[in-house]
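Working notes for the structure below.
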Amino acid sequence: MQEALTNVEKHSTATRVSVVVRLDDVAGFAEVEVVDDGRPRPGSSGSGLGQLGIRERAASHRGTVELGPRPTGGYRVRARYPWREAAVDVPDSPLGLPPEASGTTAGTAADAPTDAATGVTR
């Protein structure tokens, strides 16, 4: 995401940029989002290799990237990475589904790790 911030400085007329980090315990992912309020700076179009690098680095950690101009103006780069196993006691979670519903035989509640200090299944 350092590359996303560098791109704001090099290629944008932005006066504001925000960085938001989210953790989703149910789905088991971490997300980092960089959003600016600018437009492309005239004469500063890049080669696109920075964006390619962002995608490649995310993919090397099993992550995904969404990037592009926002309909309301500005630009957004969002990277999502697997953070940990999804919650097993939540029906909307991949591990909360019975094996026949998820199409797998692994990842049942019995297989989920338990926190030794609290006894809570993770």
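Screening A27 against (1) at pLDDT 90 or above; (2) over 18 Å from A4 (Cβ atoms); (3) under 17 Å from the mean Cα position of the chain (by Cα); (4) not charged (D, E, K, R) leaves a single unmet condition, (1). If you filter the stretch 17-50 down to residues that are loosely packed, with under 11 Cβ neighbours inside 10 Å and touching a strand residue (DSSP E or B) at 6+ places or on another chain (Cβ under 7 Å), you find that the one that is farthest from Y75 (Cα to Cα) is V21.
Quick check: is even one residue across the stretch 12-19 under 18 Å from the mean Cα position of the chain (by Cα), modelled with pLDDT of 90 or more and under 28 Å from R84 (Cα atoms)?
First, pick out the residues of the stretch 12-19 that are under 18 Å from the mean Cα position of the chain (by Cα): 17-19.
Of the ones still in play, those that are also modelled with pLDDT of 90 or more are 17-19.
From the residues that got through so far, the ones that are under 28 Å from R84 (Cα atoms) too are 18-19.
Yes, some residue in the stretch 12-19 is under 18 Å from the mean Cα position of the chain (by Cα), modelled with pLDDT of 90 or more and under 28 Å from R84 (Cα atoms).
Might you let me know whether the stretch 64-75 holds any residue that is charged (D, E, K, R), at pLDDT 90 or above and out of contact with any Leu (no Cβ under 9 Å at 6 or more places or on another chain)? Yes: the stretch 64-75 contains one or more residues that are charged (D, E, K, R), at pLDDT 90 or above and out of contact with any Leu (no Cβ under 9 Å at 6 or more places or on another chain).
The values are calculated or read from the model by the stated rules, or taken from the named source; none is laboratory data. Quick caveat: nothing in here was measured; it's all calculated off a predicted structure. Reconstructed Cβ throughout: ideal geometry from the backbone, glycine too, with neighbour counts over all protein chains shown.
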